[in-house]
Amino acid sequence: MSRIVVYFVNTNEKPYKMKLHQFSLITFLLALMALSSCSKRSELLDTIPADSNVVALADVRKICSELGITFSPTGAAIPGELKSKLGLNDDSNGLLDLLGRLDASGTADVSAVAMVYYDDQMVMTLPVESLDRLKALDCPWLQWGDDSEGFATGTLGKDLSVVASDSQLWLLDVSPKAASKVKSLLKAADKQAVGGIDAIARSLTAGKLVNMAVLMENAGEKDGEEENHDALLASTWSLIGINVDGKRLVADVSMVKGTGEDIAVEGMQPVNPAVLSYVPSSCSMAFAAGLTPRFNWDFLKLLATVGGDFQTRAAIDVAVPFLSSIDGTVLAAAAPANDEAFSDPDPSNWNFIIMAHLSQEKIDQLLGMVRTMMFTSGVSPRIDKDGIMVVPQYGMNLYMGNVDGYFAVATFPFDNNRDNSLAPVFGGKEAAAVFSLPSVSLLSPSAPSWGLDVKAQFDGSKGQVELSLPGSEGSVLVNLLSLL
């Protein structure tokens, strides 16, 4: 193919190529667009209370692009197969239609859409160019009503209230008090906005598909504005960023103070790589964490109290003293024993190994409890030549005993010379997990044949989860939704 290059000629200077000039201009324009988008995100955060339970900032335009949804002046075009998988109701269709018209007309920047959970209310909000342009949209789902509290109000579909100013749009559950709720939201943001907590605001505007900040522990509301700001800086936040990286869906997680200072989880230490050598290569799922007696297990009691019955709570009460004495690595790994393993979670369909580093005293107590339970139920375990208890259970033998200072249970004999690929994932980490499914059709005959791989790592205050679909084609988001 021939190429045309245009020269600008000046008698006093050398000619320059038009291409370089165009490239510089395009780069400059892109930089301006990026700065404008960043500015809109920052301004949006200034309208959100800093003590909101959850704040998420999503690039809806990019998410929809990944899903194959296209925006136009007539709304949003959703691929037929995706539409059937999502099972969209009228409210969802109406919301996508509105977002499509907002974006295509330039009335709003849907690359910066915030979701806020504040005062037991979920609110979606985004900046708009003007109220007149918003009202001029020909969206069949959007109906305007009377003004209230100085805002334009209306409904989107049957179940969403619309509240708008000349620069911002809010969507929330339908309510005659929707405008009052938005006014209260803005009043709280005037006192202290999340945009004023610099470290949290930087995370929320990091430019990923979704950035989320969860206020895990509020240091307490104070009377004065300055004191309240200091309290929020001392509070604990969980920051989550979700992005698509090629064929992978990646989520980064960190725990920080409002100042941005990392908060390491107390009671953790690196996983001992030596314990990984007991895991067979056939194991398709594995988890390991390095713990110390300072690790706080109270969350188990809380979960049991909220969702467990009496037996569950009793079992947790018995288990916690043993869990609290773990000083080293705890590991669990499993592999399917037959083709029915994934479709039928019966223990007899799985091979597994569980190991926890405990004191000799605790191991002896646990083994004594097991022996008592076995004899009570009429089962007589035998002891092999290595001092390992062999218990017939689930149609197989369970091997149980003290293995190199670990309380260990497995469906196969213990051997620390096994080959596996866990070391690169678990090495040097305080916690890690892997899950590999060769084909999701193992879960359901109608599911696709491609696989599912999940890898999670945690170290100090930071963690990352990666999900990939080996053998799949196209967008990872679309393929994930196809499993619904």
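The values are calculated or read from the model by the stated rules, or taken from the named source; none is laboratory data. Everything quoted here is computed from the prediction, not taken from an experiment. Positions of Cβ are generated from backbone atoms using ideal geometry, with glycine treated the same way; all protein chains shown enter the neighbour counts. In case anyone asks, the SASA skips ligands and DNA or RNA and just uses the protein heavy atoms, side chains included. Shrake-Rupley method; radii C 1.70, N 1.55, O 1.52, S 1.80 Å.
For Asp415, the requirement of being within 30 Å of Gln360 (Cβ to Cβ), open to solvent by 40 Å² or more (accessible area, probe 1.4 Å) and either out of contact with any Lys or Arg (no Cβ under 8 Å at 6 or more places or on another chain) or of a type outside the set (S, T, N, Q) (or both) is met. Restricting attention to segment 321-354, the residues being farther than 28 Å from Thr292 by Cα and either β-branched (Val, Ile, Thr) or assigned to a loop (DSSP other than H, G, I, E, B) (or both) number 10.
Determine whether segment 172-189 contains at least one residue that is closer than 16 Å to Leu99 by Cα and modelled with pLDDT of 95 or more.
Step one: list which residues in segment 172-189 are closer than 16 Å to Leu99 by Cα, which gives 172.
Then drop every residue that is not modelled with pLDDT of 95 or more, which leaves 172.
Looking for residues that are closer than 16 Å to Leu99 by Cα and modelled with pLDDT of 95 or more, one finds at least one in segment 172-189, hence yes.
Those helices (runs of 4 or more DSSP H) of segment 34-153 in which at least 1 residues are under 25 Å from Pro176 (Cα atoms), open to solvent by less than 40 Å² (accessible area, probe 1.4 Å) and hydrophobic (A, V, I, L, M, F, W, C), considering only elements entirely within it, cover 90-105, 131-135.
Consider segment 253-267 and keep the residues that are β-branched (Val, Ile, Thr) and part of a strand (DSSP E or B). The one that is most open to solvent (accessible area, probe 1.4 Å) is Val253. Taking each residue of segment 460-484 that is part of a helix (DSSP H, G or I) and looking for partners that are of a type in the set (Gly, Ala, Ser) and crowded, with 17+ Cβ neighbours inside 10 Å with beta-carbon atoms closer than 8 Å, six or more apart or interchain, yields Val476/Ser468; Asn479/Ser472.
Hey, can you tell me all the residues within segment 431-464 that are farther than 29 Å from Asn338 by Cβ and open to solvent by 30 Å² or more (accessible area, probe 1.4 Å)?
As a first pass, look at segment 431-464 and keep what is farther than 29 Å from Asn338 by Cβ: 431, 457-464.
Scanning segment 431-464 gives Gln457, Phe458, Asp459, Lys462, Gln464.
Looking at segment 268-285, I want the residues that are part of a loop (DSSP other than H, G, I, E, B) and have a partner that is of a type in the set (Phe, Trp, Tyr) and surrounded by 15 or more Cβ atoms within 10 Å (Cβ to Cβ) with Cβ atoms under 6 Å, at least 6 apart or on another chain. Which pairs are those? Pairs found: Val271/Phe426. On the stretch given as segment 331-365, residues that are closer than 29 Å to Lys429 by Cβ and open to solvent by less than 30 Å² (accessible area, probe 1.4 Å) total 10. Taking segment 385-412 as the range and being in contact with an Asp or Glu (Cβ under 9 Å, 6 or more places away or on another chain), assigned to a strand (DSSP E or B) and open to solvent by 30 Å² or more (accessible area, probe 1.4 Å) as the test, the residues that pass are Tyr399, Asn402.
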